[in-house]
1. I need the fraction of alpha carbon pairs in the range 152-225 separated by more than 20 Å, rounded to a whole percent.
2. Pick from G72, G53, G12: which is most flexible by mean-square fluctuation in a GNM of the chain where alpha carbon atoms under 10 Å apart are linked?
3. Can you give me the distance in nm between label points at D42 and R245, each placed 7 Å from the Cα along the Cα-to-Cβ direction?
4. Compute from the Cα atoms of the range 20-106 the Rg and the Dmax, the latter being the longest Cα-Cα distance, and quote both in angstrom.
5. Which residue, G11, G239, G117, has the largest displacement toward the positive end of the dipole of the chain when charges sit on each Cβ (Lys, Arg +1; Asp, Glu -1)?
6. If you average the alpha carbon positions of the range 1-69 and of the range 111-148, how far apart do those two centres end up, in angstrom?
7. Looking at the range 42-114, which trypsin sites (Lys or Arg not before Pro) are in a loop (DSSP not H, G, I, E or B) and have at most 16 other Cβ atoms within 10 Å?
8. Kirkwood hydrodynamic radius, the range 1-71, all distinct C-alpha pairs: what's the number in Å?
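Each value in this text was obtained by applying a stated rule to the coordinates, not by laboratory testing. This one's a predicted model, so the numbers in the text were calculated from it and none came from an experiment. Here the Cβ positions follow ideal geometry from the backbone for every residue, glycine too, while neighbour counts run over all protein chains shown.
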Amino acid sequence: MVIAGSSGLIGGALVTAYREGGHDVVRLVRRPTRTSDEAQWDPGRPDPRLVEGADAVINLAGAPLGDRRWNGRYRDLIASSRVGTASALAAMAARAGTPPAVLISMSGIRYYGVDRGDEELTEASAAGTDGFLPLVTARWEAATRPAAEAGVRVCLLRTGLVLSAAGGLVPRLLTPFRFGLGATLGSGRAYWSFLSLHDTVAAIRFLGEQPETEGPYNLAAPVPVRAVDFAKALASVVGRPARLRLPVWALRAGVGQMGPEVLGSLRVLPERLSAAGFRFRDGDIESALRMALAAKS
């Protein structure tokens, strides 16, 4: 297995899962290598030898969305770190003498837009045209086309909010919730499409092992929840009340442009993933949050 973006939340968990399953993992890194399982690479100079004959090439790379405020420079980094890496890996897969069996490339549910209200969204739904992230995500997916055109099987991961106490949204919310200061974000009516870290890793491995799978897959639990129900579930899990509400204007003041782009309403359903035979372990929000906190402890 060849993995780009192995240092992130999903990448770290995926590397561990593959190793525990007896697989050899090569981690692509841009800095000088430090361990025997790393290979240094430069997306600006794609080297097909790095992916020759791989069982799977998995692209999870991309600058974090929530680490900094989105000024112009960081927006450029968000885009280039996603589109450039996907393009380089697709070119490497297409040019390899013995192509990898599959290229699995991260995408995101913002492919569908910033806010689609109560509309149910499947992989057949139209792409969104509003906002920064939808446009970046469309380019991110398009960057993999050279691999598909060369006959490599390509799976695109339209991933929702990944729930883990080790990173992402959950640890940002835990402290106020544990002190009884938990709040519903925005109006509370927005749909949040989520997936536990366990199910995220399991879905990626599933797609890698199913030779008939290709194209986009929504990585989201079967029952998306409204923001108010997410807050109630997290409050229940930590055993504290959540009676507050954080209005949209305050959300924008706190996190800038990221808030509406990342937390707008998208009611995403995993239609193709379920049809392919994948079974979720943490299909409802409370069990997903309980498992996230249990894994951390």
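1. Working: 1170 of 2701 pairs.
Tail fraction, whole percent: 43.
2. Sorting by GNM fluctuation, first place goes to G72.
3. A separation of 5.5 nm, rounded to one decimal place.
4. My reading of the Cα-based Rg and Dmax gives 14.2, 43 Å.
5. Comparing the listed Cα positions along the dipole, G239 ranks first.
6. Between the Cα centres of the range 1-69 and the range 111-148 lies a distance of 24 Å.
7. The qualifying sites are R68, R69.
8. After inverting the pairwise mean of 1/r, the radius is 13.1 Å.
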